[in-house]
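J.: My questions will all concern the structure given below.
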Amino acid sequence: MAAKKILIIDDEPAVRNVFSRFLKGEGFSVTESSGGKEALSILAKEVPDVILLDLKMPEMDGISVLKEIMKTASEIPVIMITAYGDVPVAVEATKLGAYDFLCKPTDLDNLVMVINRAVEKRRLNQEIWQLDKSLSSSLEMLLGRSSAIKKVIEDIRRVASSDFSLIMEGETGTGKTFIASIIHNLSGRAKGPFVTLDVSAIPETLIESELFGYEKGAFTGAEKRKKGYFELADKGTIFIDELQNITPLVQSKLLKVVEERRFHSIGSNSPVETNVRIIGATNKNMVQSVKDQLFREDLYYRLNEFIIHLPPLRERAADIPFLAQVFLTEVSSDLNKYIPLISDDAINVLMKQPWNGNVRELKNVIRKSALLCDNNEVTMDIVNQVIGELRNITGAAENKVPAWQSHGPAISLNEAEKIAIRLALEQTGGNKTKAAEILQVTLKTLLKKIRDYGI
């Protein structure tokens, strides 16, 4: 392993000499600088792992040097070295971005300990950066690469690791359930349950009992105790679709659950503790629903700690060729038949459609086209046939949700990863090394996943 590089910036040769000799003896590689300007010139040519920076220096003091380092190399930990009387200034330096500060005379053993901690922090930060980069790349392999969807990917990356409640707004078929499942699987609750509730699919009179459950004998027909969605989702995530359709009474009870983290099932006097993350989804403008007094303002702001807007497919048409290929790769596996291509003419047809049903409608078209395909290419004629049949069924009414679009369950992150791997292999003609580069994983990791998934 290469020795960690330390840059010492101090105008006193004796101090530099003491630090340098000791750190070299501890196995570090040391570069010395007598002042700020010289140090900045060194940083333009090489990147140390840690910088030791004296606070008081002539010509350019430590604070000025620190500010310049933060502009160009903020990822490098900077440890300030200061006299005892300058501690308040050193504390201010940490607010500017310094990793830590040590007082003169410096305990050399403590110095090594602080340097090692700083090195480890930088290593962890680099790993996090690589993970973020890999995560964004992986999500692009699932969702697309248009500027509109990149904003969504950034929102997912930002909020997933938190425990924030959030609301997703988007037209029917834009993938709200799928993205909610991605957020759950990327969160600290991934090992817990992911429970979905479609409010529009449940009669108003049953929503309360579905959410909170009921006790045996609570009402006619309650022959045994039933757990509600909140109890089933404990330590996990509950996804509530068609949020705007919750009745005022249930909204009131939901607000209490959010505030108190507990609820009463119907017919019970004993509260049930709950630890869930709530993700709501709607195809309506919730702000307008609040203004129209159809949805409680206090509940809306409790749930809306973060909001993700999902663009309709017509606003991200650049993703259609990519998504079509993803869905074709997926259905080819389902049908156990090799259909690697969609003709350019077929893609042009897809690009011109209004996609009132959004991504879900596109997926349906590709799946049915693949089923009708008898060779290794989905042609324009097949796509036109499928779209024509679907338009006849739905009447092609603008903004009307086609009857054939059911709310299918979200696929797991493992399934999504399989699709991404198959697509990468498809794009590289089976070249696993190039596929690993596209997916931004090591070849060893890709080979393991191929083996684990049986691809």
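J.: Name every residue in the range 39-81 that is among the charged types (D, E, K, R), in contact (Cβ under 8 Å) with a residue 24 or more places away in the chain and over 18 Å from LYS104 (Cα atoms), in order of residue number.
T.: Filtering the range 39-81 down to residues among the charged types (D, E, K, R) leaves 45-46, 49, 54, 56, 59, 61, 67-68, 71, 75.
Subset that is in contact (Cβ under 8 Å) with a residue 24 or more places away in the chain: 46, 49, 54, 56, 59, 61, 67-68, 75.
Within the range 39-81, GLU46, ASP49, GLU59, LYS67, GLU68, GLU75 qualify.
J.: Something else now. Take SER162 and tell me if it is under 26 Å from LYS253 (Cα atoms), out of contact with any strand residue (DSSP E or B) (no Cβ under 7 Å at 6 or more places or on another chain) and in a loop (DSSP other than H, G, I, E, B).
T.: For SER162, the condition - under 26 Å from LYS253 (Cα atoms), out of contact with any strand residue (DSSP E or B) (no Cβ under 7 Å at 6 or more places or on another chain) and in a loop (DSSP other than H, G, I, E, B) - is met.
J.: Which residues, counting only those in the range 175-214, are of a type in the set (S, T, N, Q) and either within 17 Å of the chain's Cα centre (by Cα) or assigned to a helix (DSSP H, G or I) (or both)?
T.: THR177, SER181, ASN185, SER187, SER200, THR205, SER209
For (1) more than 29 Å from the chain's Cα centre (by Cα); (2) within 25 Å of GLY175 (Cα to Cα); (3) assigned to a helix (DSSP H, G or I), each residue gets a yes or a no:
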site: ASN275; (1), (2), (3): no, no, no
site: GLN288; (1), (2), (3): no, yes, yes
site: TYR338; (1), (2), (3): yes, no, no
site: ASN348; (1), (2), (3): yes, yes, yes
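J.: Just checking, how many residues over the range 26-37 are touching a residue at least 24 places away in the same chain (Cβ under 8 Å) and out of contact with any Ser or Thr (no Cβ under 7 Å at 6 or more places or on another chain)?
T.: Final tally of qualifying residues: 8.
J.: Oh, and also: So, in the range 136-171, of the ones that are of a type in the set (Ser, Thr, Tyr) and closer than 25 Å to VAL276 by Cα, which residue ends up surrounded by the most Cβ atoms within 10 Å (Cβ to Cβ)?
T.: Filtering first and then ranking leaves SER165.
J.: Every residue in the range 446-455 that is surrounded by 12 or more Cβ atoms within 10 Å (Cβ to Cβ) and in a helix (DSSP H, G or I), please.
T.: Going through the range 446-455, the residues surrounded by 12 or more Cβ atoms within 10 Å (Cβ to Cβ) turn out to be 446-450, 453, 455.
Passing the criteria: LEU446, LEU447, LYS448, LYS449, ILE450, TYR453.
J.: Checking ASN283 against (1) loosely packed, with under 14 Cβ neighbours inside 10 Å; (2) over 24 Å from SER161 (Cα atoms), only one condition comes out false. Which one?
T.: With respect to (1) loosely packed, with under 14 Cβ neighbours inside 10 Å; (2) over 24 Å from SER161 (Cα atoms), ASN283 is out only on (1).
J.: Okay, next question. What pairs come out if I take residues in the range 291-305 that are of a type in the set (Lys, Arg) and pair them with residues that are outside any loop (DSSP other than H, G, I, E, B) and surrounded by fewer than 19 Cβ atoms within 10 Å (Cβ to Cβ) whose C-beta lies under 7 Å away, six or more apart or interchain?
T.: Short answer, once both residue conditions are applied: ARG296/GLN251; ARG296/LEU255; ARG302/LEU255; ARG302/VAL258.
J.: If you don't mind, another one. For the range 57-75, enumerate the residues that are over 12 Å from GLY35 (Cβ atoms) and in a helix (DSSP H, G or I).
T.: Within the range 57-75, ILE63, LEU66, LYS67, GLU68, ILE69, MET70, LYS71, THR72 meet the criteria.
Every read-out reported here was derived from the displayed coordinates using simple, explicitly stated rules and does not represent laboratory data. The shown structure was predicted, so the numbers you read here are calculated from the model rather than taken from an experiment. Because the Cβ atoms are built from the backbone with ideal geometry, glycine has one as well, and the counts that use them run over all protein chains shown.
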